[in-house]
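Every number in this text was worked out from the coordinates using simple rules, so none of it is lab data. Just so you know, these numbers come straight off a predicted model, no measurement behind them. Virtual Cβ from ideal backbone geometry, glycine too; neighbours counted across all protein chains shown.
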Amino acid sequence: MYWWIKIGEFSHADAGQMNVYLNYYMDNEMQGNDNPPVGIILCAGKNNALVKYATSGLPQKVFVSKYMVSLPSEQELKKIISEEQQKLKKG
């Protein structure tokens, strides 16, 4: 698994760069019994539509998520958890 933390917003170039790293790993580092590599990009911000179009169709799995620089308050954390639970129910 490859991952990196990006200070700025996600861009389509980040997905391409991660794809290069994953392709290199598959060609030069993988052993016969390894699972395919996964790429994770953590960034300060992301546009969901851009992430969708930049990562769909890639031969490897690339995931993009936003990181938090500080912990949310208890109320904010409850709201985030509730929103994620609703997304999972809608599926």
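Rg and Dmax of the chain, both derived from C-alpha coordinates alone, stand at 15.6, 47 Å. The GNM of the chain, with springs linking C-alpha atoms under 10 angstrom apart, assigns the highest mean-square fluctuation among LEU58, LEU71, LEU22 to LEU71.
Here's the list of aspartates and glutamates a cross-link from LYS46 could span, going by alpha-carbon distance under 12 Å and ignoring same-chain residues fewer than 8 apart: GLU9, ASP14.
Think of it as helices only: each DSSP H run of n ≥ 4 in the chain is worth -39500 (n - 2.57), and spread over all residues that comes to -15000 deg cm²/dmol at 222 nm. You can think of it this way: the chain between GLU74 and ASN47 has 7.2 nm of extra reach, that is 0.36 nm per residue less the Cα-Cα gap.
With the simple spin-label model, which puts each label point 7 Å out from Cα in the Cβ direction, the GLN86 to GLU9 separation comes to 2.5 nm.
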